[in-house]
1. Just the number please: accessible area per residue for segment 55-121, 1.4 Å probe, all protein chains included, in Å².
2. Could you state how much accessible area residue 180 has, in square angstrom rounded to the nearest 10, with a 1.4 Å probe and all protein chains kept in place?
3. Ignoring everything but the protein chains, give the 1.4 Å probe accessible area of residue 208 in square angstrom, nearest 10.
4. How much of the accessible area of segment 99-150, in percent, comes from carbon and sulfur atoms when a 1.4 Å probe is used?
5. Could you name the lysines whose alpha carbon sits less than 25 Å from that of residue 384, not counting residues in the same chain fewer than 8 places away?
6. Can you sort 395, 218, 195, 58 by solvent-accessible area, 1.4 Å probe, largest first?
7. Might you work out the accessible area of residue 200 for me, using a 1.4 Å probe with all protein chains in place, and round it to the nearest 10 Å²?
8. So what are the three principal axis dimensions of segment 101-222 from its Cα atoms, in whole Å, longest to shortest?
Amino acid sequence: MNWHWIGVRAAKLAVGLAALAFALTATAHAQDDDAPFVPAWTQSYINPFPETDKYKLYVIGDFLAAGLATALPEALDESASIEIEQETRNSSGLARPDRYNWSRRIEDILEDQTVHVAVIMLGTNDRRRIRAASGFEDFGTEAWAEAYRLRVDSIIEKLTKAKVAVYWMGLPIVADEEGRAEYEQINSIIRERAYIGGVKYIDTWNGFSDQFGNFSAYGPSVEGVTKRLRDNNGIGFTAEGNRKLAEFAASVIKRDLAAARRERSIPLAGDEQQQAQIARMSQEQRPDEQDNVDEATAETGDAVAPVPGDITVAEENAENGRGNRAVSFSDYSPPGEQLAIDIGDNLTALATISPANILSARGARQQLPLSERLYYRVLVQGEKLKAPEGRIDNYAWEGG
């Protein structure tokens, strides 16, 4: 067997796969022009780079969501960068789209508005027959559950395709035992589809039950004082109950906002007002830089995909005689790369992006300078890396 030939082919295959992975990362978001740009390397659940100065959050759902929407601004008061919109219909749900079609309504919202965060609370009115492929199905049957899964998936798919951070609130425990069992079935479906769809499910059940797991109209408020939290109907919330419900969502959202804030923090770039100015300018494609990309492409034949806010650098490639070559560094550069942006008044902000929340070894490797990264050394500089002893492409055993 020709081990030398196998080793060469294996090495070529490894390099090819590395190039493919790099290319897919660079073009992943260019494939969907309608979706907001979210950098592939981001560690946060919420996009660190909103298109505006504020995140736009939509509260979506039925009458429980309406109560949640009234208390959420107070719960998120530390995050002045959030603008909250309420999109609720008291008697709506997913079981009867002929009465109100949430999937279609969300589609309309996404066409007209920029949405960064969605808090959803639906299902209170869904303990009824549903129209499935086989006709009307009674609540609790497998055909009912399958039809309901499809409707939850439809909403999750539309929002995640638009790069919206989704928080789906589970239904709370209720007084009626039969209703309690039915709400648990609905919660199990939503929890499953949220997990599969890659969005966050926020459980509220235990937060409104007593020490034995039973329904209680009274319980500890946000301040820790025992107060009435539930309405007389055993389903809805009082004002204090809505405040506590909002804290369930706010605690998770604020944590994710903090992670996003750390990722977009630019050291040495001035105060928050100056950084906001830089963030706004980074969203705009500068025409002169786009011209440089087009000229370089025409000369070399290399396809350079423009990214909003790219900084184009021409470097001499005398070794292969291909003239100037455009190298693009995005404003959403991986951690450790240099960022230079003209902020007006003859001032230029220079910074190295290095998010504080990357603690893993993988994250540490991402912070290597561009010239020291493996793909750059192999694919750009053409460096031949020494194979570790014992690997198939190490030919020390040949005596060479």
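1. 43 Å²
2. Surface accessible to solvent at residue 180 totals approximately 50 Å².
3. The value for residue 208 is about 10 Å².
4. On the way: 1070 of 2650 Å².
Carbon and sulfur together cover 40 percent of it.
5. 12
6. Values: 395 55, 218 125, 195 190, 58 20 Å².
Sorted descending by solvent-accessible area, the residues read 195, 218, 395, 58.
7. 60 Å²
8. So the extents along the principal axes, rounded to whole Å, are 45, 41, 22.
The values are calculated or read from the model by the stated rules, or taken from the named source; none is laboratory data. The model shown is predicted, which means the values in this text are computed figures rather than measured ones. Methodologically, a virtual Cβ is constructed for each residue, glycine included, from the backbone with ideal geometry; neighbour enumeration extends over all protein chains shown. Ligands, DNA and RNA are excluded from the accessible area calculation, which covers all protein heavy atoms including side chains. Shrake-Rupley method; radii C 1.70, N 1.55, O 1.52, S 1.80 Å.
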